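Colleague: So that we are looking at the same thing, I have put the structure below in structure tokens.
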Amino acid sequence: MSSRNRTLISIALSTLALIGLGYYLYRNWADVTPLLDANPVLLVVMLLLLLVQMWGQAACNWLMFKTLGSQVNLLECFWLGIVSNTANSLLPAQPGAAVRAVYLKKVHQLEFAHFSSAFFAFQIVDVVVVSTIYLVLYLTRAPKNQFTTALAIFAFVVIAVCLATFLLPKIKQPRNRFFVFFVNAWDGWHQLKSKPKTLVFLVLGVFLIRAIDGIVFYVACAAVGLEVGFDKALMATSLAAVFNAVKVTPGNIGIQESVYGMLSSIVGVSSVQCVTISLLIRTITIVRSVLILPIALHQLNRRTSAG
């Protein structure tokens, strides 16, 4: 599929998602209104937490690129993360990864194949970590019902499939160009497995990122006057991360809110409240990125010009 067609499909899906989300909020506006009077101090706390999370993501990316032999530094990874997240949140077709790949190719001569390797390996670690978080909380804290049990089974299957990749051998380079991306990505996973110390640090970094997700959700609930246990917040954000691994609209707008709406029974609030909390977190996340975006673009432009 051409990039033009992907963009058009993403725009169409985004439009439908926004219309659906807008209609849902309109129909439930009476329940949404009380949640709009958020505590400004806690909103600032959310912003600071999301900044810390951004540094955690930068550290994980730096570890991955270092494993692949790139000389990119931690600060560059932070600026790239800001630009990438802003692009993914506001533009169709998720161009953030392409922006990072082009920059790393031009400034650090990191091949696109190696970039896709790092991206794929990180996704596997991320999915395993968040699925494990949910499964542990299900076994120790969550109420056992048909819904939470089905999700626990799903998480277990995801973990089993991802961990099974440890046993699979490297794949030879295919002639068919369609499969080249997948083989290159698989190669990155094997390179990461060969460096267990890096893998351990990456797992810890991803756990920190996802723990902050839970803390941000917990603080967001407190900001609008909702009492939610941290364990429930972490369960919901962990599952949401699994379902949001594949993004089809900018920032998965509409999709993410639908996922949180379905997970509202785990959190212990209404679906409208959960959707509103998701929108609040999305808004603060975009504010974080937009505030730092001019600095990030300036710094990366300097590096590009120097290179």
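Colleague: I want the local charge near ILE295. Using Cβ-Cβ distances under 15 Å, sum +1 for each Lys or Arg and -1 for each Asp or Glu among the other residues.
Modeller: +2
Colleague: Can you give the FRET efficiency to the nearest 0.05 for LEU36 and LEU293, using r as the Cβ-Cβ distance and R₀ = 30 Å?
Modeller: Calculated value: 0.70.
Colleague: In percent, how large is the relative contact order of segment 44-118, given Cα pairs closer than 8 Å and 6 or more residues apart?
Modeller: This gives 27 percent for segment 44-118.
Colleague: Any number yet on Rg/Rh for segment 28-306, C-alpha, Kirkwood?
Modeller: Using Cα coordinates only, the ratio equals 0.98.
Colleague: Further question on the same structure: Within a Cβ distance under 15 Å of LEU280, other residues only, what is the Lys/Arg minus Asp/Glu net charge?
Modeller: -2
Colleague: When a footprinting reagent is the concern and you count Cβ atoms within 10 Å, what order do TRP79, TRP29, TRP55 take, fewest first?
Modeller: If I rank by nearby Cβ atoms, fewest first, I get TRP29, TRP55, TRP79.
Colleague: Once phi is turned into θ = phi - 60°, what whole-Hz ³J(HN,Hα) does the Karplus curve with 6.51, -1.76 and 1.60 give for every residue of segment 45-57, x standing for Gly and Pro?
Modeller: Residue by residue, segment 45-57 yields 4, 4, 4, 5, 4, 5, 5, 4, 4, 4, 5, x, 5 Hz.
Colleague: Normalising by the residue count of segment 28-306, find the relative contact order in percent from Cα pairs under 8 Å and 6+ residues apart.
Modeller: 30 percent
Colleague: If you don't mind, there's one more thing I want to ask. Straight-line reach from LYS144: which aspartates and glutamates have Cα under 15 Å away, leaving out those fewer than 8 places along the same chain?
Modeller: ASP231
Colleague: Which of LYS106/LYS247; LYS193/LYS232; LYS197/LYS232; LYS105/LYS247; LYS66/LYS232 have a Cα-Cα distance over 29 Å?
Modeller: As for pairs spanning more than 29 Å Cα to Cα, those are LYS193/LYS232; LYS197/LYS232; LYS66/LYS232.
Colleague: What list of ³J(HN,Hα) values in whole Hz, one per residue of segment 118-126 in order, does the Karplus curve 6.51 cos²θ - 1.76 cosθ + 1.60 (θ = phi - 60°) give from phi, with Gly and Pro shown as x?
Modeller: 5, 4, 5, 4, 4, 4, 5, 4, 4
Colleague: In a shell of Cβ-Cβ distance under 14 Å around VAL107, excluding VAL107 itself, what net charge do Lys and Arg (+1) and Asp and Glu (-1) give?
Modeller: So the surrounding residues net to +3.
Colleague: For segment 23-33, in order, what is each residue's ³J(HN,Hα) by Karplus, 6.51 cos²θ - 1.76 cosθ + 1.60 with θ = phi - 60°, in whole Hz (x at glycine and Pro)?
Modeller: With the stated coefficients, segment 23-33 comes to 5, 4, 5, 4, 5, 10, 4, 4, 7, 7, 3 Hz.
Values in this text are rule-based calculations from the coordinates and carry no lab data. Worth saying up front: this structure is predicted, and the values here are computed from it rather than measured. No Cβ is skipped: glycine too gets one built from the backbone with ideal geometry, and neighbour counts run over all protein chains shown.
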